[in-house]
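The values are calculated or read from the model by the stated rules, or taken from the named source; none is laboratory data. Note that the structure is predicted; figures quoted are calculated from it, not measured. Using ideal geometry, Cβ is built from the backbone for each residue, glycine included, and neighbour counts are taken over all protein chains shown.
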Amino acid sequence: VTRIPPWIFILMFLLGFNEIMAVLRNPWLFLLVLLIAPLVYLYISLDLNQIVVPALRIAVQPAVEIMKRYLDFLAEALRGNEAELMRAEVNSQRSSESVQAVSSRLNRNTTRNTNSPDVSTVSESSSSVSHDKKDL
């Protein structure tokens, strides 16, 4: 069994003297040490390592999985995976085309029986008005 030489404790005390004094002079740090020291003592004396570590692993595991997925997503984005980006663009174009087709069908059905202008003509006239404002 290896023992720690006594001179190491003396060296640690001498090198850490300013930290010890900072804790003793600051009432909040001193209170924190007074609260944590008994908890550490109980943790070591009752050998709570066998209970706490598995419980922490179970509690932290979902967050670790989420962070792994997020980091994988960021890595893919930083690599500039062009195939994935192109696939996403194609899917978004398809969905926008289908939305436009449905909206045009709805517009044709509603404007056949009414005298109201078509949505496409309204959007064209509004776009021409916005161009006129830019020219000013």
| said: Restricting to the stretch 1-37, give me the number of residues that are surrounded by 10 or more Cβ atoms within 10 Å (Cβ to Cβ) and part of a loop (DSSP other than H, G, I, E, B). | reply: 2
| Options 40, 64, 23; residue that is modelled with pLDDT of 75 or more and under 29 Å from the mean Cα position of the chain (by Cα) | 64
